[in-house]
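> Quick one: this structure, given as structure tokens, is what I'll be asking you about.
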């Protein structure tokens, strides 16, 4: 009985430790002409536990697909693979997302409640561009500034912004160029993510089945 209580106590302490542990996610994206880099790193207690990197993102003109070479690292395990995303793949992913949005009751409230516990520690967003025409470049510069401001305003409405985002737009009036450098760092406790995941699962199971939908449509 004594050993059972000790083991139970250890399990409870481990569960509490997991629930209060913070997860830090760093996202980096860089684009210059035909060169792209996307990197996502996950850290726990300051240690990098997972890394996703896509150093090559290309558009295949023949098949109209997006070719992504992925490199993943989780602890000692490493993997390297190449994936092709076609229009059909993207449409299928969009249908799944649309199904999730429309059939999970209270999805907005679940996500809003979770995002309240997310902290934005830093955000750097640099954009340099030029279309070869000074007047058009100047107009687009104002549009880009407006989009960035709107997106940051929307983001700050949902998450805790710990550091003022650093935004910059660099119009190149005499060049034809697109350059983007984006990096951000967010953190949240694993416990809050687990609770949000369980709530999503619960509401997803409560969604109406296809037969129930058909029955409703027949009565209308």
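The values are calculated or read from the model by the stated rules, or taken from the named source; none is laboratory data. Predicted model, so just to flag it, every value in this text is computed and none were measured. Glycine also receives a Cβ, built like all others from the backbone with ideal geometry; neighbour counts cover every protein chain displayed.
> Do you know which residues across segment 148-173 are in contact with a helix residue (DSSP H, G or I) (Cβ under 6 Å, 6 or more places away or on another chain) and either closer than 24 Å to residue 188 by Cα or in a helix (DSSP H, G or I) (or both)?
158, 159, 165, 167
> For residue 168, only one of the following conditions fails: (1) more than 28 Å from the chain's Cα centre (by Cα); (2) surrounded by fewer than 13 Cβ atoms within 10 Å (Cβ to Cβ); (3) at pLDDT 90 or above. What is its number?
Only one criterion is unmet by residue 168, namely (1).
> Filter segment 35-46 down to the residues that are at pLDDT below 90 and either closer than 17 Å to residue 126 by Cα or assigned to a strand (DSSP E or B) (or both) and list them by number.
Selection gives 35, 36, 37, 38.
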